[in-house]
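These notes concern the structure reproduced below.
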Amino acid sequence: MAIQPAIQPATAFTPSTPPSPPSTPLNGLSKVHLSTEENGHDPPPPVQQPEHAISSSAVMYGYYTKPALASVSHSQQPPPPPPPPPHVGNLQSALDWRMRERLKTVSVALVLCLNISVDPPDIVKPNPCARLECWVDPSSLTPRKALEAIGRNLQAQYEVWQPRARYRLSLDPSVDEIKKLCCSLRRNTKEERVLFHYNGHGVPRPTPGGELWVFNKDYTQYIPVSIYDLQTWLGSPCIYVYDCSNAGNIMRAYQRFAEQRDAEMLRQAAAAGHPLTEALPPPMRECIQLAACAADESLPLTPELPADVFTCCLTTPIEIGLRWFISQNPLLSKVTPDMVARIPGRVNDRRTPLGELNWIFTAVTDTIAWNTLPHELFKRLFRQDLMVAALFRNFLLAERIMRWYRCTPSTIPALPPTHQHPLWLSWDLAVDSCLTQLPALLAAEPNTIEYQHSSFFAEQLTAFEVWLAKGAITEKPPEQLPIILQVLLSQVHRLRALILLSKFLDLGPWAVNLALSVGIYPYVLKLLQSPAIELRPVLVFIWAKVLAVEKTCQNDLLKDNGFAYFINILWSHQSLPPLPNSSEHKAMCAFILAIFCDRYPSGQQACLKRDLLPALATYLNDPDPLLRQWSALCLSKLWQDFLEAKQQAEVKGVHHVLLSLQTDPVPEVRAAALAAIGTFIERLDQTRERNNVGYSIALGILDLARDGSPMVRKELVIVLSKLVQSSLNKFIAAFLELLDERRRSSTKSLVDIKQGPTSLYVCIYKVLLTLSVDPCDTVSECASRIVDKVHVQALQSRHDVHTPLHLPLESQGKPRRMVRSASAQEHVREPVREPVRELGREEDGREDGPEREDIALVSTLFEASSEYFKEPQMRLPEIEDPGSITFSKRQWRRQRNERLAKSPNLDTSTKRFEELPGQLRLDTPIQRIVFHQYDSHVAVADEQGWIRVFDWQTTTRFSTFFNHHPSRTGVSTLRFINEEECSILMVGSDEGTIRLYSGYDTPTPNLVSSFRAVSPFSALVSDWDQSSGVLVCGGEKENIRVWDAGKESCVQSIYTQNQAMVTSLTLEKGGHLLIAGYDNGNLGVHDMRMHSRDSLVNTFTDHPTAILNTGYQSTEFCSVSTGQIRLWDIRQGTNRVVEGEHDTGVVDIHGVVGLVGWGTKTKLDIREAATGRSIAMTRHHDGFLSSGRAWGGVTALAFHPRRVLVGACVGGVGVSVFSAEKGV
């Protein structure tokens, strides 16, 4: 029926439990279901699945693994495309597939020197020998009539390939006639190409000096004509066809003279100061030549061949090909050569036997040439000129036939040998199939016997399908790709060919480049005029793949209204056949139209007239996130620098719909909405009403400064930069106003000044200052660039202001991370407040004053998002492809993880914790330790913010990197996430930020995301649930924030109803409860399914002192304070208490084997949680001193999540690992 690319939720990004749905799989796996009428299968029924639905087979989860995050965190440029496979090699970019200089052969000189009935003196012809010339027997007519008939036939044969050319016959000419003919053709042809065809069967062979022969006026002498003279008369560009013996002599001489002429032309141009790249004629050496044989060879005289076999191959390839095939196959006894001329049909009618053979021949020769010739040569010979393409296509047949008779045709430019290419066997099979039916077709009455069409194209499509399914056997592109182009001409195989083409394009940009180089573009462009509904899904997919790589097709889509094809699909609900993923096809249409409108005013105007704007606005609330994203991005391109579109959008209220997307669960959609808002408010009319619209929009997006996605925050900075650009004077005034307020209240920072009205510009300025210290470097650099320019302009406008801010100036215009003063850092604490000043009081008109440097930033979100359509959509990723190395590694990890997940057996009566050999030596005191669940990785953080990752079994150090948090803060959270696969190290600091690093076990870890989880300078406390992707963060009084890793946003802010500081947080694994411990000894139990203010369902006040740590142990909940361990049945509200360590220190809880570890200044104590019995204790006077190590107390302590291991920093400068397992 149709191609059906469908986005399916990727299990690697799908949390399994509430409280919140996960992110869309925008960058996850997208599968395509294929079904065709040929295989008899109907498309699968639509599958309705919400964004937060889970696959029953989902067992692994991964968050923060999308490529977009990495690109935003480190670079404003989109990530580079994946490299092409080896068989593509150094393929030219897609920009060179177009024919920038297309030439046409407009004039043809047909020179026949036959002198019928008189043999040339240097050739002795046997009897019988080849006689036919252009399929005319000269002996059957008088010499003059025979010559004229041969000339007419030759012209008719050439007209099949180029009917619009001007043909001039010259029969047995003299030198003067040749000169006059050539000069006339060049004069009339101007800069186009001339074809000079020479038949010298009735004159002597060409001389080694490059002289060919004609006649005197009385036909009594042979007169030589130098090829040098022909060069002079014909000029360039030109095609020469030499059908005579020793034709290689002419080619050699031609090249020798051509090089001399070109060198002389360049010398003259240089002497005259002429630009060498302008107005010079094409070089002579680039003229095309085709010779029937080499310099030392004679033409074959075999009786079964025509005398002009080379000309017949070039002009009537089907007839000569079939005749030669009959002569080579004696089993075809019922088929005679004369029957070939009576094959039913026409050459241009593919439904007839003759037309089908010509169609197959074209496909075979094109494919042989594409697989044999270099790309540039193929494009020049087979795609630039119809006449040249036909001659070289037919030349391949001439080489095959004439080499059989030990004759070597040659060309300039030279072609590699193709006469033994295996695809000729497919041609032979097609010919045999046709000739077998020929006697019956000729004997029967017309239309009484049905012709059985060849299976050639179906078989080649099957071969291509096998290549796509199984991969390449050799390091070469699929040889059937040019055949796909020919199949598109047939309605019978068109749908199947398009589906296979779409599968090929899905392999990557290299595949798109190959398809464009073959010449597929004009065909898929023409198909946009087709009304066939079943072709629409596959055409949309193909065009999305093409435009993702080649974006220079705007003029072509506009010229024939091809863009309307995609607008009609967006408007009509019946425009696509029943598909389970019609929304994705519409998203592809939005992408195609976004490319069409990108920096192309004519395209914007055409789309606006076709009502694209209301169609896109409808899809902004579509359930499919990819469609929402691309509807917003397409809108951003539709109205970019296009005032009329913005006015229509304002009237229709489209900007209000975009504002509603700031709470969208998908970060890509939120970022796309901001990109659309940014182009909407840019360069609006500076009227009071328009200013109000722009700044009311700004008020609606300021809350996104707290978004968890760096991509969204970066787009927010870009939007705000455009507001600053349009009203720079007002932002300078807002900044100076804040400085004046601070000077009047010298004891307060800027953010402490809360009296009086707050203007809109002050609100935006404070948000920018907050973003200038964003944990993501890219966001902070962009915001710092804007803030610094405002500061510099303010200082230049008020030289008498002695600002308390330390404002280093930029040097050489290069943006860099600014070092802010304490007052600037304190702006982060101030929440963004709504302005109380009326918008109508703001001044109208554009900014006055001297020209200032452009402040507005440029978004690269569109380019980065476009990378999605370059990625494979139809095939499984390697990690899910059974048999691949990556899949095998994944299976091994899964089996190993399942084995390690089994609870270890610990006999606490006999087991002792022994220190493993090899301490992890460090130079600074350690604050945090964390073990990986499955790998032998341990990460440690020191008090200065340096993170080190080791292999605790071998003590090998993997990496050392700095977390980049302020010096006054430390690392308060350290944990591994995605531990089953694609592990990421999460680092939280007391400045309230979370940073996530991938590749932490490599020398250069990658910061994949970062965000501010709680208010700055809070003692950040957190817990993470891998199955749901929920991160809870505390540290603020009265608030605990719940972050959804899939959405990359804060989904809930829980009101604790407790004035004490949060000291520990524990999530119920797979459940909905959150248990918070406080420094006043209280425990608060919250149900996250309830409203934030009503979520507190129970409070326990049994602990007399601050809660040190909490955690689940089997079915019980464990809470630890100084001197006490309490085990709770949370749902019943009961607990039992056992004695704990009375000294204050660091505490950790082993959630599997029921142990609690204490580290104090004097000892390391490990106890059973159920009984409080100490099973391992190390004091300062025990084994440590024997090794000469100074005891400085235990500063950090952590259990291994699965194994009976504990790591402790003893003495402050190293980490020791203790084990209670055998054989460790």
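Bear in mind that the values in this text are calculations on the coordinates, not laboratory data. It should be emphasised that the depicted structure is a prediction, and the values quoted were computed from it without experimental measurement. We place every Cβ from the backbone using ideal geometry, glycine too, and count neighbours over all the protein chains shown.
Return the FRET efficiency for the residue pair Leu103, Ala733: r is the Cβ-Cβ distance, R0 is 51 Å, and the value is rounded to the nearest 0.05. The computed FRET efficiency comes out at 0.20.
Here the dipole of segment 119-249 is about 420 debye; that uses its Cα centre as origin and unit charges on the Cβ of Lys and Arg (positive) and Asp and Glu (negative).
Extension gain Ser1114-Asp560, at 0.36 nm per residue separation less the Cα-Cα distance, in nm?
192.5 nm
One compactness figure for segment 474-573 is 1.05, namely its Cα radius of gyration divided by 2.2 N^0.38 Å. Computing FRET efficiency as 1/(1 + (r/R0)^6) for Asp122 and Gln529, where r is the C-beta to C-beta distance and R0 is 60 Å, gives about 0.55. In loop segments of segment 956-1016 as defined by DSSP, the trypsin sites (Lys or Arg not before Pro) with at most 10 further C-beta atoms inside 10 Å of their C-beta are Arg968. Across segment 316-506, Cα-Cα pairs farther apart than 23 Å form 47% of the total. Where the alpha-carbon atoms of segment 234-373 are placed on the principal axes, they occupy 70, 36, 27 Å, in descending order.
Taking the Kirkwood radius as Rh and the Cα radius of gyration as Rg, segment 548-678 has a ratio of Rg/Rh equal to 0.94.
Placing R0 at 60 angstrom, the Cβ-Cβ distance between Lys180 and Thr336 gives a FRET efficiency of 0.85 after rounding to 0.05. Which value in Å does the Kirkwood hydrodynamic radius of segment 607-749 take, with 1/r averaged over all unlike C-alpha pairs and then inverted? One decimal place: 16.1 Å for the Kirkwood radius. One decimal place: the segment Glu465-Glu148 gains 109.0 nm when fully extended, by the rule 0.36 nm per residue minus the C-alpha distance.
For segment 145-294, a Kirkwood radius taken over Cα pairs fed into Stokes-Einstein (25 °C, viscosity 0.890 mPa s) yields D = 148 µm²/s.
I want the local charge near Leu438. Using Cβ-Cβ distances under 10 Å, sum +1 for each Lys or Arg and -1 for each Asp or Glu among the other residues. Residues near Leu438 contribute +2 overall.
In units of the compact-protein estimate 2.2 N^0.38 Å, segment 472-512 shows a Cα radius of gyration of 1.21. Ranking Ala587, Trp639, Leu659 by how far each Cα lies toward the positive end of the dipole of segment 571-665 (charges on Cβ) leaves Trp639 at the top.
Along its three principal directions, the equivalent ellipsoid of segment 914-1219 from the Cα gyration tensor extends over semi-axes of 29, 25, 17 Å, largest first.
Please work out whether segment 1070-1185 counts as rounded, prolate or oblate from its C-alpha gyration tensor, where a ≥ b ≥ c are the square roots of the eigenvalues and a/c under 1.5 means rounded, while otherwise a/b larger than b/c means prolate and anything else oblate?
Since a/c reaches 1.5 and a/b is larger than b/c, the shape of segment 1070-1185 is classed as prolate.
Oblate is the label for segment 594-638, because a/c, from the alpha-carbon gyration tensor with a ≥ b ≥ c as root eigenvalues, is 1.5 or above and a/b does not exceed b/c.
What the pair-distance distribution of segment 392-483 shows, using all Cα-Cα distances binned every 10 Å from zero, is 13, 31, 30, 21, 6, 0 percent.
Loop-resident GluC sites (Glu not before Pro) (DSSP state other than H, G, I, E or B) in segment 1019-1123 with no more than 15 further Cβ atoms inside 10 Å of their Cβ: Glu1038.
Once you charge only the Cβ atoms, +1 for Lys and Arg and -1 for Asp and Glu, what is the size of the charge dipole of segment 946-992 about its Cα centre, to the nearest 20 debye? Walk me through the intermediate numbers first.
On the way: 4 positive and 6 negative charges, 57 e Å.
Taking the Cα centre of segment 946-992 as origin, the dipole is about 280 debye.
Charge dipole of segment 584-662 (Cα centre as origin; +1 on each Lys and Arg Cβ, -1 on each Asp and Glu Cβ, all else neutral): 100 debye, rounded to the nearest 20.
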